Number of protein chains: 2
Amino acid sequence: MEIERIPILRFTEEGKSEAEARVTREFPLTIILNNQELVTLLCSPTSLEYLTIGFLFSEGLLNSRGNIKKIIVDKPRGVVQVKTKKGEESDELVFKPLIASGGGKGLHSYRATNAQSQARVESQIGISAHEVFALVEEFVKRSHIFKATGGVHSSALCDTEEILVFAEDIGRHNAIDKVFGECMLRDIPTDDRMIITSGRISSEILLKVAKRKIPIIISKSAPTNLGVRLATDLGITLIGFVRGKRMNVYTNGWRVVA
Amino acid sequence: MEIERIPILRFTEEGKSEAEARVTREFPLTIILNNQELVTLLCSPTSLEYLTIGFLFSEGLLNSRGNIKKIIVDKPRGVVQVKTKKGEESDELVFKPLIASGGGKGLHSYRATNAQSQARVESQIGISAHEVFALVEEFVKRSHIFKATGGVHSSALCDTEEILVFAEDIGRHNAIDKVFGECMLRDIPTDDRMIITSGRISSEILLKVAKRKIPIIISKSAPTNLGVRLATDLGITLIGFVRGKRMNVYTNGWRVVA
């Protein structure tokens with residue numbers, strides 16, 4: 001249930017072949033506390049009851065098991081409703097403007113409508129596997145803070161030849177936002193270019209990249225099933241697990257030549 | 001500026017020694033858009049201007065460079081103010097109850113006051129390096145979805161002998177919340193026990209663990225400087241980079257014997 005099998009193209013030094021990859025499932029779960037819609041988490045679709053209760057505890061919205069009146073899990077709709085005894089819920093958090101932006105790691109801003117209203121990326125650029133391997137090698141070389149501390153993510157904008165903008169940050173969303181912010185402020189075009197990230201490719205990362213009309217996303221890590229689905233729908237080439245001279249092309253492989 | 005050097009205890013098969021580790025810096029950045037406090041991001045303290053503009057773009061709150069009237073970066077206070085031309089800001093996001101919970105990955109719920117009001121963990125339990133290595137080996141063995149997909153994090157509650165509760169999730173916060181939710185619903189005590197995580201230990205993860213009065217946190221990955229500082233202040237033993245028969249003890253090493 002947590003794993004989906006999808007067809008991919010696998011590139012190695014010997015050339016390309018059709019293969020099957022296992023990707024992890026990403027599931028939007030909406031938590032309703034005392035009839036108030038609280039948050040939509042993107043999660044793995046297991047232990048939804050435990051996740052909900054743990055989340056409410058961590059956020060200071062539930063202090064003990066004894067205060068839970070009812071938990072209703074509606075898995076098909078992706079909703080968990082929790083009712084607590086009156087006065088339990090903290091009024092410290094809810095509706096606080098400080099945290100009302102839906103921002104940060106982007107988790108709270110998950111809205112299915114985003115995906116539906118996002119335009120397809122139509123770029124006709126292509127890249128060779130050799131170019132991807134060379135770019136990722138350069139990308140890893142530049143990740144100085146990661147090498148020193150192991151504690152950050154990296155992100156880069158590049159064309160098929162070189163890295164144009166590079167950033168590191170403790171957050172994988174922040175690292176990409178730093179790259180895009182620099183592109184905006186320095187008038188660096190992103191169309192027909194590529195983004196490289198050290199982090200996993202979830203639906204949110206994919207949407208962020210689609211908003212900048214970037215046709216190719218390259219990661220050292222794994223994508224989720226929703227990341228793959230959105231990349232397919234939005235015409236984006238998703239390349240993952242680039243390790244040395246091996247990589248997986250999950251979607252829109254027509255842009256990649258061996 | 002992004003790296004801090006801190007004294008640690010390094011454990012290997014040969015025993016323990018004093019060493020120095022480099023940890024990445026974690027920095028709370030508050031973004032104010034048109035005089036309204038929007039969000040506090042936890043980030044690496046570089047390119048704050050780029051991060052802010054990229055974030056506003058990704059969240060749909062800024063569409064082009066031409067709409068920026070002013071950017072004021074106040075690094076000492078950790079604040080960036082942005083003023084945009086009138087009508088630019090989307091009213092879709094701000095103050096929307098759905099995303100007003102400060103939840104999800106916990107990023108938005110960063111509040112310095114949380115740390116100040118958090119009680120110290122007073123547990124007197126101890127653990128040997130040998131026990132940590134054995135627990136983490138078992139932890140890795142159990143991470144089936146990670147092994148299959150490379151796309152998830154794991155978390156576990158354990159005592160010095162065995163893993164008691166285990167969870168995997170695409171989010172590192174979610175994985176820990178699943179463990180704590182199960183503890184709450186199944187009345188499994190967390191005092192005098194330990195948490196293992198595959199993910200990095202930031203200040204938010206540390207606070208989450210402190211709330212459950214857990215005295216020892218063990219990670220395969222790196223901590224941030226704020227994670228280390230909070231662990232010191234809250235009396236929590238922070239063990240990181242457990243790889244095979246090596247590990248770093250960052251704080252409160254008196255709980256660990258070789």
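Quick note: the coordinates plus some simple rules give every number you see, no bench work behind them. Quick caveat, the model's predicted, so the values are computed rather than measured. Please note: Cβ atoms are built from the backbone with ideal geometry, for glycine as well, and neighbour counts cover all protein chains shown.
Quick look at the values:
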| item | result |
| --- | --- |
| Top of A:Leu62, A:Leu207, A:Leu234 by mean-square fluctuation, Gaussian network on chain A, Cα under 10 Å | A:Leu62 |
| Cut-off 9 Å between beta-carbons: net charge of the residues surrounding A:Asp191, Lys and Arg +1, Asp and Glu -1 | +2 |
| For A:Lys75, label point 7 Å along C-beta direction: distances to other copies, nm | 5.1 |
| At 1.002 mPa s and 20 °C, Stokes diffusion of the protein assembly as shown via Kirkwood alpha-carbon radius, µm² per second | 92 µm²/s |
| Residue exposure sequence - B:Tyr50, B:Tyr250 - by fewest surrounding Cβ within 10 Å | B:Tyr50, B:Tyr250 |
| Listed residue (B:Ser44, A:Asn252, B:Asn34) projecting farthest to the positive dipole end of the protein assembly as shown, Cβ model | B:Asn34 |
| Percent RCO, i.e. relative contact order, over chain A, from Cα pairs under 8 Å lying at least 6 residues apart | 19 percent |
| Charge context of A:Glu13, other residues only, Cβ under 10 angstrom, K/R +1, D/E -1 | +1 |
| For A:Ser117, inter-copy label distances in nm, listed shortest first [label point 7 Å out on the Cα-Cβ vector] | 3.6 |
| B:Arg255, B:Arg172 arranged by Cβ crowding within 10 Å, fewest neighbours leading | B:Arg255, B:Arg172 |
| At 7 Å out from Cα toward Cβ: A:Ser17 inter-copy label distances (nm, ascending) | 4.4 |
| Cross-link pairs A:Lys141/B:Lys16; A:Lys213/B:Lys208; A:Lys69/B:Lys178; B:Lys83/B:Lys208; A:Lys211/B:Lys85; A:Lys86/B:Lys208 - those with Cα-Cα distance over 26 Å | A:Lys141/B:Lys16; A:Lys213/B:Lys208; B:Lys83/B:Lys208 |
| Cα gyration tensor category, rounded, prolate or oblate, for segment B:169-233 with a/c compared to 1.5 | oblate |
| Cα centroid of segment A:1-66 to Cα centroid of segment B:6-66, whole Å | 24 Å |
| For segment A:122-199 and segment B:118-178, distance of Cα centres in Å | 32 Å |
| Binned Cα-Cα distance frequencies in segment B:139-258 - 5 Å width, integer % | 2, 12, 24, 26, 21, 11, 3, 0 |
| Average other protein chain Cβ within 10 Å of Cβ, residues B:15-24 | 2 |
| Net charge of Cβ neighbours under 9 Å - reference A:Ala156; Lys, Arg +1; Asp, Glu -1 | 0 |
| Residues with amide H under 5 Å from that of A:Thr251, placed H, sequence gap 5 or more | A:Leu238 |
| DSSP beta bridge pairing in segment B:110-258, given as percent antiparallel to the nearest 5 | 60 percent |
| Cα shape, chain A, gyration tensor, a/c 1.5 rule | prolate |
| Antiparallel content of DSSP bridges confined to the protein assembly as shown, in %, to 5 | 75 percent |
| Mean residue ellipticity (222 nm) of chain B, computed from DSSP H runs ≥ 4 via -39,500 (n - 2.57), nearest 500 | -8000 deg cm²/dmol |
